[in-house]
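All remarks here apply to the structure that follows.
The values are calculated or read from the model by the stated rules, or taken from the named source; none is laboratory data. Note that the coordinates shown come from a computational prediction; the quantities given were computed from them, not determined experimentally. Every residue, glycine among them, receives a Cβ derived from its backbone with ideal geometry; neighbour counts consider all protein chains shown.
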Amino acid sequence: MSSSAPLLEVQNLQTHFGTVDGVVRAVEGVSFHINAGETLGVVGESGCGKSVTAMSILRLISTPPGKMAGKILFKGTNLLELSEPEMQAIRGKDISMIFQEPMTSLNPVLTVGRQIGETVMLHEGVSARDAEQRAVEMLTLVGIPAPGRRVREYPHQLSGGMRQRVMIAMALACSPQLLVADEPTTALDVTIQAQILELMRDLETRVGAAIMLITHDLGVVAEMAQRVIVMYAGRKVEEGTAEEIFLNPLHPYTRGLMGSMPKLGSSLHETGRSKLTEIQGQVPSLRKPIIGCAFAGRCPNVTDVCRQMAPAIELKAPNHLVACHYAPRVAVAA
Amino acid sequence: MSNSQTPAPGTPLLEVKGLKKHFPIHGGILGGKTGNVFAVDGVSFDIKRGETLSLVGESGCGKSTVGKAVLRLYPITDGEVLLDGRRIDNLSAGELRPLRKRIQVVFQDPFSSLNPRQKLRDIIAEPIINFGLASGSELDDRVGDLLDKVRLPRDAMYRYPHEFSGGQRQRIAIARALAPGSDLIICDEAVSALDVSVKAQIVNLLSDLQDELGLTLLFISHDLAIVEHLTHRVAVMYLGKMVEMADRKTLFSTPHHPYTRALLSAVPVPDPTVKRQRIILRGDVPSPINPPSGCRFHTRCPFVFDRCKVDEPQLRDVGMGRMSACHLDVVPDTVPEANRQAAVAA
């Protein structure tokens, strides 16, 4: 971890939602940081709070019913204390976001050029003509053929992969320092996903933006991220360099996740069909406060200590934080 | 089995021969037919009893259409579908009805495929009642047994679908598919909407049930890693055509067709130390309304040469029980040397 201040530092973020059935604790005390120019992978299953964390960083949570606490320091400024106009000046300029669904996150009645240009006009006050020029440049950057023609087309005229390229063009139009990508390739076919990941890797080196990559696909994270955090039930359960997390996972949830993920090439090692490791049980409800470790109900190594006391997240190996009472023991058992 | 003819030994449970399904496109002022979507354009395969065949490919390749055509959810344009050696594609609705209980389906989204106003008991009992297979307390016993099979508690039968998570709902959908004593289950992206850890539970359940009950599965999926875990044989589709078919080990260890190779190389590997040689396909899948001439893959194939653009390669046996449709396998002397070397090296 570098000695200079990180680009983004999230401290003890809590995002709760008030509902008729009680408070949903979507994010419960998450802290992490992202350094300039690096890619941080955020992994977890549905409902673990990874998307809500991203939305909280961009202050896209409507309050009420949402409620945020903690600190989100972007270059030292706490985003949670900014006024809405101040936040608008940051959104799309310093921090921008790519959403999962390129079909629904583009406006169907505006040309893609207008949509890319809008960001530039808002943040840089350029004319409509210059904005369109920038849109063409951005479409070229993300590898869309015939950008001069495509810029005047509507989203329905583009394929899913091209729409996702447009989303990326829009997010990068004002050269942001941080790009939050929420499941950017989940809706795409695997050959198109490979194209988009190649593009994002290429842009990372050319544009130099830091990327917060949220995904449930461990394969995508392994290919893209330098550091990884694993979330479960609104908590960070493990953090480390990508190599540490993938080659030496210490938290039983991370290990379960790795085991339950089918790996290509399984037929090379065994003759018959193979069984996947299952994580028994269900994710706990976020409506009730969780006492003890959030994973206790599904953990194969659970003890009474786990049920009564929440484990603190501690450094268990170089560059490797784990929230498990028995993490070293787990490592030995492997 | 209710049909009188017993199939000859060795007859596959399901045979599909030259299946075509074209959807007409209507347009213009008079709403006349202006074209066709060539969703499935000549696909043949068979599945032996107790076997899993997986259909893989990207969106729009026609894999789900094949599944729905086998289920007779719509009439087919051309070809034959045979169950135990008997044609079922030309049967009337009445003649087909007794056979319907033998082929059942599990769809992708268990949130929309289960009626929210029905209790589990009614959802699972419906096919049993429809086919007059049981009634009264016997019916409840059968529903209970089915819940045991999919590892759900028996008292779940008095609850509604919304009380269950996605993985549990998919178990309910599987129980319903098993209810009429079916032998062929078509799984149309049955695990694609589920989270990683839940997906593993359902995949394991499906292979257990197959071993336990001798089920035959047509597993339709875009997820190659899942397919490799549970299948016996794999058929790869591209734009309504089958490009390669082989047993699991042959296909995954030595993918042959350029499309299969690109597809496999595109799957991200969950190991940051592995840096793979990747074949990245340029461009998008062409439209099935106006498919490319010759080989349908020629617009994206890294090894394309002149013949591919005009002459459509046929699916043929290329050894080790593998079928492949590529000019690179067939007449090697007509293939430009540079293309062949590139294909061998990749």
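Tell me, please, whether a residue that is part of a helix (DSSP H, G or I) and within 14 Å of another protein chain (Cβ to nearest Cβ) can be found in the stretch B:183-191.
The initial filter retains those residues of the stretch B:183-191 that are part of a helix (DSSP H, G or I), namely none.
Within the stretch B:183-191, none of the residues are part of a helix (DSSP H, G or I) and within 14 Å of another protein chain (Cβ to nearest Cβ).
Mind telling me which of the residues B:GLY94, B:GLY50, B:GLY79, B:GLY60 ends up being within 14 Å of chain A (Cβ to nearest Cβ) and either surrounded by fewer than 19 Cβ atoms within 10 Å (Cβ to Cβ) or part of a strand (DSSP E or B) (or both)? First the steps, then the outcome.
Working: B:GLY94 fails: within 14 Å of chain A (Cβ to nearest Cβ); B:GLY79 fails: within 14 Å of chain A (Cβ to nearest Cβ); B:GLY60 fails: either surrounded by fewer than 19 Cβ atoms within 10 Å (Cβ to Cβ) or part of a strand (DSSP E or B) (or both).
None of the other options fit; the residue is B:GLY50.
Among the residues of the stretch B:152-167, count how many are part of a helix (DSSP H, G or I) and more than 16 Å from B:GLN108 (Cβ to Cβ).
Applying the first criterion (part of a helix (DSSP H, G or I)) to the stretch B:152-167 yields B:154-158, B:161-163, B:166-167.
Going one step further and asking which of them are more than 16 Å from B:GLN108 (Cβ to Cβ), we end up with B:154-158, B:162-163.
Adding up the residues that qualify gives 7.
Please state which one of A:CYS299, A:CYS293 is in contact (Cβ under 8 Å) with a residue 24 or more places away in the chain, within 13 Å of chain B (Cβ to nearest Cβ) and out of contact with any strand residue (DSSP E or B) (no Cβ under 6 Å at 6 or more places or on another chain).
Numbers: A:CYS293 fails: within 13 Å of chain B (Cβ to nearest Cβ).
Among A:CYS299, A:CYS293, only A:CYS299 is in contact (Cβ under 8 Å) with a residue 24 or more places away in the chain, within 13 Å of chain B (Cβ to nearest Cβ) and out of contact with any strand residue (DSSP E or B) (no Cβ under 6 Å at 6 or more places or on another chain).
Out of B:ASP208, B:ASP148, I need the residue that is surrounded by fewer than 20 Cβ atoms within 10 Å (Cβ to Cβ), in a helix (DSSP H, G or I) and more than 10 Å from chain A (Cβ to nearest Cβ). Which one? Reasoning before the result, please.
Numbers: B:ASP208 fails: more than 10 Å from chain A (Cβ to nearest Cβ).
Exactly one of B:ASP208, B:ASP148 is surrounded by fewer than 20 Cβ atoms within 10 Å (Cβ to Cβ), in a helix (DSSP H, G or I) and more than 10 Å from chain A (Cβ to nearest Cβ), namely B:ASP148.
Do you know which residues across the stretch B:36-71 are over 12 Å from the mean Cα position of the chain (by Cα) and at positive phi?
B:GLY42, B:GLY50, B:GLY60
Determine, yes or no, whether A:THR77 is under 14 Å from A:GLN177 (Cβ atoms) and within 14 Å of another protein chain (Cβ to nearest Cβ). Reasoning before the result, please.
On the way: under 14 Å from A:GLN177 (Cβ atoms): yes; within 14 Å of another protein chain (Cβ to nearest Cβ): no.
Criteria not met by A:THR77.
Under 6 Å between Cβ atoms, at least 6 apart or on separate chains: pull out the pairs that start in the stretch A:166-194 with a residue that is acidic (Asp, Glu) and end on any residue that is part of a loop (DSSP other than H, G, I, E, B).
A:ASP182/A:PHE99; A:ASP182/A:GLN100; A:GLU183/A:GLN100; A:ASP189/B:GLU58; A:ASP189/B:SER59
Name the helices (runs of 4 or more DSSP H) wholly within the stretch B:219-334 that hold at least 1 residues that are touching a strand residue (DSSP E or B) at 6+ places or on another chain (Cβ under 9 Å)? Write out each step before concluding.
Numbers: elements: B:224-230, B:248-253, B:258-266, B:306-310, B:327-330.
Those helices (runs of 4 or more DSSP H) span B:224-230, B:248-253, B:258-266, B:327-330.
For the stretch A:179-228, which positions are polar (S, T, N, Q) and within 14 Å of the chain's Cα centre (by Cα)? Don't jump to the end; show me each part of the working.
Step one: of the stretch A:179-228, the residues polar (S, T, N, Q) are A:185-186, A:191, A:193, A:195, A:205, A:215, A:226.
Correct list: A:THR185, A:THR186, A:THR215, A:GLN226.
Has the stretch A:191-202 got any residue that is crowded, with 23+ Cβ neighbours inside 10 Å and either at pLDDT 90 or above or within 18 Å of A:SER56 (Cβ to Cβ) (or both)?
no
Quick check on A:VAL221: is it more than 12 Å from every other protein chain (Cβ to nearest Cβ) and not hydroxyl-bearing (Ser, Thr, Tyr)?
Details: more than 12 Å from every other protein chain (Cβ to nearest Cβ): no; not hydroxyl-bearing (Ser, Thr, Tyr): yes.
No: the conditions fail for A:VAL221.
If you take the residues of the stretch B:263-297 that are within 8 Å of chain A (Cβ to nearest Cβ) and touching a residue at least 24 places away in the same chain (Cβ under 8 Å), which of them is surrounded by the most Cβ atoms within 10 Å (Cβ to Cβ)?
B:LEU263
Given the conditions (1) modelled with pLDDT of 85 or more; (2) farther than 17 Å from A:LEU188 by Cα, and given that B:PRO272 satisfies all but one, which numbered condition is not satisfied?
Just one mismatch for B:PRO272, condition (1).
Within the stretch B:167-183, is even one residue buried (at least 19 other Cβ atoms within 10 Å of the Cβ) and either acidic (Asp, Glu) or touching a His at 6+ places or on another chain (Cβ under 6 Å) (or both)?
Taking every residue of the stretch B:167-183 in turn, at least one turns out to be buried (at least 19 other Cβ atoms within 10 Å of the Cβ) and either acidic (Asp, Glu) or touching a His at 6+ places or on another chain (Cβ under 6 Å) (or both).
Among the residues of the stretch A:229-252, are any among the basic types (Lys, Arg), surrounded by 22 or more Cβ atoms within 10 Å (Cβ to Cβ) and within 21 Å of the chain's Cα centre (by Cα)?
Looking only at the stretch A:229-252, we keep the residues that are among the basic types (Lys, Arg), and these are A:235-236.
Narrowing the set further to residues that are surrounded by 22 or more Cβ atoms within 10 Å (Cβ to Cβ) leaves A:235-236.
Then keep just the ones that are within 21 Å of the chain's Cα centre (by Cα); that gives A:235-236.
Taking every residue of the stretch A:229-252 in turn, at least one turns out to be among the basic types (Lys, Arg), surrounded by 22 or more Cβ atoms within 10 Å (Cβ to Cβ) and within 21 Å of the chain's Cα centre (by Cα).
Please determine whether any residue of the stretch B:184-199 is crowded, with 20+ Cβ neighbours inside 10 Å, of a type in the set (D, E, K, R) and in contact with an Asp or Glu (Cβ under 9 Å, 6 or more places away or on another chain).
Checked the stretch B:184-199: at least one residue is crowded, with 20+ Cβ neighbours inside 10 Å, of a type in the set (D, E, K, R) and in contact with an Asp or Glu (Cβ under 9 Å, 6 or more places away or on another chain).
Which of the residues that make up the stretch A:120-147 are over 23 Å from A:GLY161 (Cβ atoms), surrounded by 18 or more Cβ atoms within 10 Å (Cβ to Cβ) and among the β-branched types (Val, Ile, Thr)?
Residue satisfying the conditions is A:VAL120 alone.
Answer yes or no as to whether B:LEU73 is outside any loop (DSSP other than H, G, I, E, B) and either modelled with pLDDT of 95 or more or within 20 Å of B:CYS187 (Cα to Cα) (or both).
Values: outside any loop (DSSP other than H, G, I, E, B): no; either modelled with pLDDT of 95 or more or within 20 Å of B:CYS187 (Cα to Cα) (or both): yes.
In short, no.
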